[in-house]
Structures are given as structure tokens and as C-alpha cells.
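Inspection log for the structure reproduced underneath, given as C-alpha cells.
The values are calculated or read from the model by the stated rules, or taken from the named source; none is laboratory data. Quick caveat: nothing in here was measured; it's all calculated off a predicted structure. Note: ideal-geometry Cβ built from the backbone for every residue, glycine included; neighbour counts use all protein chains shown.
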Amino acid sequence: MITERTYLDWNATAPLFPEARAAIQRALDVEGNPSSVHAEGRRARAIVETAREQVAALVGAIPSEVVFTSGATEACATILGAPWSAILMAGIEHDAVLRPAEAAPGQRIALDVGADGRVATADVAEKLGSTVASSGIGRALVAIQLANNETGVLQSVAEVAATAHEARALVFTDAAQAAGRIPVDFAALGVDFMALSAHKLGGPKGVGALIIRDGLEIPALIRGGGQERRRRGGTENIAGIAGFGAAAEAARASIATRDRITHLRDRLEAGLLELTPDAHIVGAGTERLPNTTCVALPGQSAETLVIRFDLAGIAVSAGAACSAGKIGASHVLMAMGLDEATARSAIRISIGPTTTEHDIDRCLAAWREIAARPRARTAA
């Protein structure tokens, strides 16, 4: 029975940083409500504001632009739920963006995606121009992720933002997968809104942030008290926010390890292709996150691959899962033009700062056994 476990699913949830765990434990001993004016309340408020500064520093924002939420999903819902005249986005976005956009009023305009998984700035300009021509200047929003959660492919967000602003549109980027893995600069990107999630970068689950450019206002998704400058009602999750802040600081430091992580990813991908030359690395040759590999193996089922890896003591994931728990064809890969059979065979392997050469060795050894088994049966 295999007892050793290797965690290669960092894009689903990154392991908690020790610094975040310690910050959470300290915050749990704080009694005050951060909205209270007494000493205990001021102590709680100090924890929140310190974390706000730490998160802002991670993504090149200023503290007043950081609004704490329950996670990136809430941040996305807050922005997509606003009364936009039109929302422009591609089919590669996370469901946290796609689903609220489907329910939003106004036009929804699909952006094209190339085989490399990238949105062309020219397509954004053309479709924004058509939108203005047909309905006049309204309050249009362009939603474009910074890094794809399945493939790791990076988008030209700064170029898209500049193009969108020329057409008087605003820009929202889901940066949940990028923050803490590559340098992210909210100001330099030129976007108006950004979503973050603590547990993607080594913080606790159930807390995140919405970055709103100073001077902009957006209707609050959750109304109540005057918390978060009246942008998000409800008493703040002090322990979660403290952990988020500490994780942001630790993640900021860990970005320096990205060359080592890139080396491990490249070694992994070279090994996968050596063992199975017909495997397909999605997004290869395109600028990607240093930690993400999306590999498709024709003739295989992603669900079977994930289960077999798990039985071998290795945690990886598939591209998408339906509500019934069955693995479906990834909407991201389908939007990139992959055929359904290939999309259904793709799994994601994602690594992080504590991943070792031994972890890569174990993954490749498991891949050798897993890839051979069904082929041997088929050949028989």
C-alpha cells in the first residue's frame, strides 16, 4: 500500500504557508470587532489594515484599493453583477467569471481565442468598436484573465486594457492564479478591477480580495454595515484576512524561486513527451505560468488518469468537473479549438515552491505505468 503522497495540484489550492498559519493562530486570540473604537477593536482593525498593506504590496496596488471578500468568486460576482451595457470576454475564463456574466443584464460579446489560448488585442478593439457603433457609448466591461487556471497561458492584459480604455470601456482581470507566482502590478497593467484568492497563493480558504482602482465606485454585492468603505458589508474575517496578508508577503518573496519552478516544469514536460511522444502539452511555446502543465494523452480518459495518479499517491486534477462529479471536456480547451476527445483526455499538473526533483521523479514514474496499462490491454 502506497503511503507517500506527492501534491501536484497547487492551482486548485496551494499548501498553507507556515507564516499564514502562525498569523491565523495569533488573530484567533484577538477579541475585538474591527469596527469597534475601544482598544480591543483597534487591535483587530490593525490586523486588517496590516494585511491590506501586505496584499496591496503583492500586486502593486495601494491599500485603499483593496477590498477583502470571501474569495475571488465573490470578487468576480461583484464586478460582473454590476449594470454593464456590455460585457466582453472569451470562453477560456473561469466559471466564476462566465456564470455571473451569463446572468448579468446587457450584451454579452464573445472574444475569439487562438490555438495558443490567447485573446488578440485587435479582436478586442474591433468588437468594442462594433459595440459602440451599434449602441453608442455605454458602460462596457472587458473581462480578461491574467493567467489561465488550466493551461497557465498568460494574456496581454496591459495591451487589452489600453485598447479598452481608448473605447471608454473598463477592464477586469481575474488574477487568482497569477498572484504569488509571477510579478503582478495592478497599476502597470492599467486595469480597473482585479480579483484575488488567498488559498491559491498559500493563504487560507474562504478569503480573497477585489482590487478597485481609486476613484471608481461599484455597487456592493453584499450590503450591510459600512465595512470595507461600504463596498462589502459584514464583519471582517479577521483570522482569514491575517492569514491572507501573511501569505501574500511570503508569496511575494517566493516569486524569486520561479526559475527553479520553471526548470522543474520543463523537466516534467520533457519527461512526459519522452515517455509518450503522442502526448500534447497544451500551450507549449506560449508564455505561461512557470508552474503549470496541461497534458493531454489521446485515447485516455482524464478521469481515469486522475484516479490512477491518486492510487499512485500523487494528487493532480482534470480540467473541469460537472455537478455530478464526472469529468467533462474542458471548456477552456474546447474554446482553444481542441477536439472533444483530446479535451477529455487532459489533466493539469501544477507545482510550487516546495516541489522537489523527487516529486517530479515520482510523477514521471507513475506516468510511465499509467500510460502503459490501457495500451497494453488494447494491444492484447
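Beta carbons closer than 7 Å, at least 6 apart along the sequence or on distinct chains, pair a first residue in segment 44-65 that is assigned to a helix (DSSP H, G or I) with a second that is among the polar types (S, T, N, Q) for 44/33. Between 318, 312, 343, 324, the distinction of being surrounded by fewer than 14 Cβ atoms within 10 Å (Cβ to Cβ) and either at pLDDT 95 or above or in the same structural domain as residue 284 (by TED's automatic domain parsing) (or both) belongs to 324 only. Here residue 184 meets the list (1) more than 16 Å from residue 67 (Cα to Cα); (2) assigned to a strand (DSSP E or B); (3) of a type outside the set (Asp, Glu) almost entirely, failing just condition (2).
Of the listed requirements (1) assigned to a loop (DSSP other than H, G, I, E, B); (2) without any contact (Cβ under 8 Å) to a residue 40 or more places away in the chain; (3) not aromatic (Phe, Trp, Tyr), residue 2 misses just one: (2).
Got a number for residues in segment 266-285 being over 18 Å from the mean Cα position of the chain (by Cα), surrounded by 14 or more Cβ atoms within 10 Å (Cβ to Cβ) and not aliphatic (A, V, I, L, M)?
The initial filter retains those residues of segment 266-285 that are over 18 Å from the mean Cα position of the chain (by Cα), namely 266-281, 284-285.
Restricting the remaining residues to those that are surrounded by 14 or more Cβ atoms within 10 Å (Cβ to Cβ) gives 267-269, 271-273, 275-276, 279-281, 284.
Within this subset, residues satisfying the condition of being not aliphatic (A, V, I, L, M) are 267, 269, 271, 276, 280.
Qualifying residue count for the region: 5.
If you go through segment 217-235 and keep only what is closer than 26 Å to residue 161 by Cβ, part of a loop (DSSP other than H, G, I, E, B) and in contact with a helix residue (DSSP H, G or I) (Cβ under 9 Å, 6 or more places away or on another chain), you end up with 218, 219, 220, 221, 231, 232. For residue 103, the conditions (1) closer than 21 Å to residue 335 by Cα; (2) in contact (Cβ under 8 Å) with a residue 24 or more places away in the chain are fulfilled apart from (2).
Among the residues of segment 55-64, which ones are touching a Phe, Trp or Tyr at 6+ places or on another chain (Cβ under 8 Å) and surrounded by 23 or more Cβ atoms within 10 Å (Cβ to Cβ)?
Listed by number, the residues that qualify are 55, 59, 61.
Residues of segment 106-129 include at least one that is free of Cβ contacts under 8 Å to residues at least 40 places away in the same chain, of a type in the set (Gly, Ala, Ser), at negative phi and assigned to a loop (DSSP other than H, G, I, E, B). Whether any residue in segment 83-96 is part of a helix (DSSP H, G or I) and surrounded by fewer than 20 Cβ atoms within 10 Å (Cβ to Cβ) is what I want to check. Scanning segment 83-96, I find at least one residue that is part of a helix (DSSP H, G or I) and surrounded by fewer than 20 Cβ atoms within 10 Å (Cβ to Cβ), so the answer is yes. Does residue 246 qualify as being modelled with pLDDT of 95 or more, under 30 Å from residue 70 (Cα atoms) and part of a helix (DSSP H, G or I)? Yes. Could you tell me whether any residue of segment 98-107 is charged (D, E, K, R), over 19 Å from residue 170 (Cβ atoms) and modelled with pLDDT of 95 or more? Looking through segment 98-107, at least one residue is charged (D, E, K, R), over 19 Å from residue 170 (Cβ atoms) and modelled with pLDDT of 95 or more. If you go through segment 181-232 and keep only what is touching a residue at least 60 places away in the same chain (Cβ under 8 Å), of a type in the set (Lys, Arg) and exposed (fewer than 15 other Cβ atoms within 10 Å of the Cβ), you end up with just 229.
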